[in-house]
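Inspection log for the structure reproduced underneath, given as structure tokens.
The values are calculated or read from the model by the stated rules, or taken from the named source; none is laboratory data. On a predicted model such as this, the values are computed, not experimentally measured, just so you know. We place every Cβ from the backbone using ideal geometry, glycine too, and count neighbours over all the protein chains shown.
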């Protein structure tokens, strides 16, 4: 079980934003491995329904994961992500610089 409560960055009545760790899938997929969705029950905060994914992050990617807490909010969030209206920034953190290439 992953402690999701300690990973909540923001929460209101419509959305939850989690700090997703690298190395954990957001949903189980065909192999049925452990995933964040397995532990969404921790994130009800008094609501009768579980939050749902507004988008995905790859298993090896860490970062902000947006969850919808209400069907209407989830539909709107889905449109924002599917239409490319959400701005995503990816950072690579390394212990040493990558090797130089001819172009850079």
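Select from the range 43-58 the residues that are farther than 15 Å from residue 71 by Cα and surrounded by fewer than 16 Cβ atoms within 10 Å (Cβ to Cβ) and list them in ascending order. Outline the logic, then answer.
First, pick out the residues of the range 43-58 that are farther than 15 Å from residue 71 by Cα: 43, 45-46, 56-58.
Selection gives 45, 46, 56, 58.
When residues of the range 61-104 are filtered for being assigned to a loop (DSSP other than H, G, I, E, B) and in contact with a strand residue (DSSP E or B) (Cβ under 7 Å, 6 or more places away or on another chain), how many remain?
2
Yes or no, residue by residue, for (1) modelled with pLDDT of 85 or more; (2) surrounded by 15 or more Cβ atoms within 10 Å (Cβ to Cβ):
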{"position": "60", "(1), (2)": "yes, no"}
{"position": "65", "(1), (2)": "yes, yes"}
{"position": "69", "(1), (2)": "yes, yes"}
{"position": "74", "(1), (2)": "yes, yes"}
{"position": "77", "(1), (2)": "yes, yes"}
{"position": "82", "(1), (2)": "yes, no"}
{"position": "88", "(1), (2)": "yes, no"}
{"position": "102", "(1), (2)": "no, no"}
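Where the second residue is surrounded by 11 or more Cβ atoms within 10 Å (Cβ to Cβ) and in a strand (DSSP E or B) and the first is free of Cβ contacts under 8 Å to residues at least 40 places away in the same chain and at positive phi and lies in the range 1-30, which pairs have Cβ atoms under 8 Å and are six or more apart or on separate chains?
29/35
Do you know which of the residues in the range 1-33 that are at pLDDT below 90 and within 17 Å of residue 50 (Cα to Cα) is surrounded by the fewest Cβ atoms within 10 Å (Cβ to Cβ)?
So the residue we want is 1.
Quick check on my filter: what residues within the range 41-60 are touching a helix residue (DSSP H, G or I) at 6+ places or on another chain (Cβ under 9 Å) and not in a loop (DSSP other than H, G, I, E, B)?
Answer for the range 41-60, where residues must be touching a helix residue (DSSP H, G or I) at 6+ places or on another chain (Cβ under 9 Å) and not in a loop (DSSP other than H, G, I, E, B): 42, 43, 52, 53.
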